[in-house]
Amino acid sequence: MKARIRIKRVYDEPGKEDGRRILVDRLWPRGLTKEKAKIDYWAKDIAPSNDLRKWYGHDPAKWNEFRKRYFAELNLNAESVKALTEAMGKGPVSFVYSSTEQTINNAEALKLYLERKT
């Protein structure tokens, strides 16, 4: 599964290499139309809870703890994890997100979670 999942900012231009574009944020990206975003599946139920998202605030010092808490939320949300993996299909997939933080974000954490599950 590692090679299949790409991480990409939703505001970056969609490309053929993206495969299925799955938005993994709870909130729709500001200022972006559905046509421009080219989202194939919106996995808003898989995103971190509002409380966790606000607590984390993309603080690098909280990254490890954020992942632990997010993984715990995902473990309790098996139905949404299953729906996501079904939506991913067999081909390439891009988890798209809206944060300006490009390395320590929920899309990257979700990719790590799924890689550990396989």
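Values quoted throughout were computed directly from the atomic coordinates according to the rules given, and no laboratory measurement underlies them. No experiment lies behind these values; they were computed from the predicted model shown. Cβ coordinates were reconstructed from backbone atoms using ideal geometry, including for glycine residues, and neighbour counts include every protein chain displayed.
Determine the gain in length on full extension of the stretch Lys82-Glu13; use 0.36 nm per residue of separation and subtract their C-alpha separation, reporting nm with one decimal. If you can, show how the numbers build up before the last one.
Details: separation 69, 0.36 × 69 = 24.84 nm, distance 2.81 nm.
Length difference between fully extended and current span is 22.0 nm.
Which residue fluctuates most in the GNM of the chain (Cα springs below 10 Å): Ala87, Ala47, Ala78?
The residue that fluctuates most here is Ala78.
Suppose only helical runs count, i.e. DSSP H with n ≥ 4. What mean residue ellipticity at 222 nm does that imply for the chain under -39500 (n - 2.57) per run, divided by all residues and rounded to the nearest 500 deg cm²/dmol?
Taking each H run of at least 4 residues, the total per residue is -11500 deg cm²/dmol.
Computed from these coordinates, which is Kirkwood radius over Cα pairs in Å: (1) 14.9; (2) 16.3; (3) 14.3?
Correct label, based on the coordinates given: (3).
At Lys34 and Asn75, where each label point lies 7 Å from the Cα along Cα→Cβ, what is the point-to-point distance in nanometres?
If labels sit at Lys34 and Asn75, their model points lie 3.6 nm apart.
Long-range amide H contacts for Arg21: which residues qualify at under 5 Å (H placed 1.01 Å from N, peptide plane, sequence gap of 5 or more or a different chain)?
Asp40, Tyr41, Ser94
Kindly flag which residue pairs out of Lys8/Lys62; Lys16/Lys68; Lys36/Lys62; Lys36/Lys117; Lys16/Lys54 have an alpha-carbon separation exceeding 26 Å in this structure.
Lys16/Lys68; Lys36/Lys62; Lys36/Lys117; Lys16/Lys54
Figure the gain on full extension for Ser49 and Thr103 (residue separation times 0.36 nm, minus the Cα-Cα span) and round it to one decimal in nm.
Full extension of this stretch gives 17.5 nm more.
Considering only Val96, Val24, Val81, give the residue with the highest GNM mean-square fluctuation for the chain, with springs between Cα atoms whenever their separation is below 10 Å.
Maximum fluctuation in the GNM of the chain, among the listed residues, is at Val81.
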